[in-house]
1. Given the options 162, 135, name the one that is buried (at least 17 other Cβ atoms within 10 Å of the Cβ), farther than 16 Å from residue 184 by Cβ and in contact (Cβ under 8 Å) with a residue 12 or more places away in the chain.
2. Of the residues 228, 236, which single one is at positive phi, more than 15 Å from the chain's Cα centre (by Cα) and surrounded by fewer than 20 Cβ atoms within 10 Å (Cβ to Cβ)?
3. Considering only residues that are in a loop (DSSP other than H, G, I, E, B) and crowded, with 20+ Cβ neighbours inside 10 Å, which ones fall in the stretch 174-187?
4. Can you find even one residue in the stretch 188-197 that is assigned to a strand (DSSP E or B), in contact with a strand residue (DSSP E or B) (Cβ under 8 Å, 6 or more places away or on another chain), surrounded by 17 or more Cβ atoms within 10 Å (Cβ to Cβ) and assigned by TED's automatic domain parsing to the domain that holds residue 132?
5. Go through the stretch 110-166 and give me each residue that's out of contact with any strand residue (DSSP E or B) (no Cβ under 7 Å at 6 or more places or on another chain), closer than 18 Å to residue 240 by Cα and not in a helix (DSSP H, G or I).
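The values are calculated or read from the model by the stated rules, or taken from the named source; none is laboratory data. This is a predicted model, so every value here is computed, not measured. Methodologically, a virtual Cβ is constructed for each residue, glycine included, from the backbone with ideal geometry; neighbour enumeration extends over all protein chains shown.
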């Protein structure tokens, strides 16, 4: 067996540097595509397309002229179908390729202050079971979604977040979108995730949090109006029932900043009055 392997290896042409680079690049591209399609319905769609191609060659080999003619009419449109079906994945992949890996979204001080305000507000909302959805913009711009809400361009602060999400406030419904240390807009509409993996476990607000992270690289913090639980959505997935301290740690990991212990995580605002749930727009 070992001798046979040696013979086979000796029969192979010698690998040049360019061939090694070629193989590594191809492996990286395949791995990147698989990572991009992981957790989506893409594998089933690709399997369906592969079956159509197999049917075409099977009909050609078996002399099934009618089926072969039909496949000849259908297969050219598979390219357009591929672009339409994978539009989101293609857009996200191209955005990731064009993203500057050396760019930092925030300075250390801005991240620290923004994270503290967000965590403190989320803790307050959780204790009072006030629904909230806060989206943090990263490399991918969220102008499409900010234009659907009410523009604010206000300095981010704990008090302003609490004021926005008061149950009787006019901007309570919808999402708040942050850009660095600014609240760009409130009451924003977000796309809802249609990923079947979540089933009926997630409500509208949580699906909106996942939906915006499926289409962009944003991070979404969501507080349930029913249970008061805090959740964090990133890259099309969601972490449920996070304590405030763990939320602070996760935000620091995402933005690669140390967790500050200088300010307390407990809420410091007056108790919010609890009212019946307001109608939810898309968050």
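1. Details: 135 fails: farther than 16 Å from residue 184 by Cβ.
That would be 162, the only listed residue that is buried (at least 17 other Cβ atoms within 10 Å of the Cβ), farther than 16 Å from residue 184 by Cβ and in contact (Cβ under 8 Å) with a residue 12 or more places away in the chain.
2. Working: 236 fails: more than 15 Å from the chain's Cα centre (by Cα).
Step by step, each of 228, 236 is checked, and only 228 is at positive phi, more than 15 Å from the chain's Cα centre (by Cα) and surrounded by fewer than 20 Cβ atoms within 10 Å (Cβ to Cβ).
3. Taking the stretch 174-187 as the starting set, the residues that turn out to be in a loop (DSSP other than H, G, I, E, B) are 174, 180-181.
Scanning the stretch 174-187 gives a single hit, 174.
4. Let us first name the residues in the stretch 188-197 that are assigned to a strand (DSSP E or B), namely 188.
Restricting the remaining residues to those that are in contact with a strand residue (DSSP E or B) (Cβ under 8 Å, 6 or more places away or on another chain) gives 188.
Still in the list and also surrounded by 17 or more Cβ atoms within 10 Å (Cβ to Cβ): 188.
Restricting the remaining residues to those that are assigned by TED's automatic domain parsing to the domain that holds residue 132 gives 188.
Yes: the stretch 188-197 contains one or more residues that are assigned to a strand (DSSP E or B), in contact with a strand residue (DSSP E or B) (Cβ under 8 Å, 6 or more places away or on another chain), surrounded by 17 or more Cβ atoms within 10 Å (Cβ to Cβ) and assigned by TED's automatic domain parsing to the domain that holds residue 132.
5. Across the stretch 110-166, the qualifying residue is only 129.
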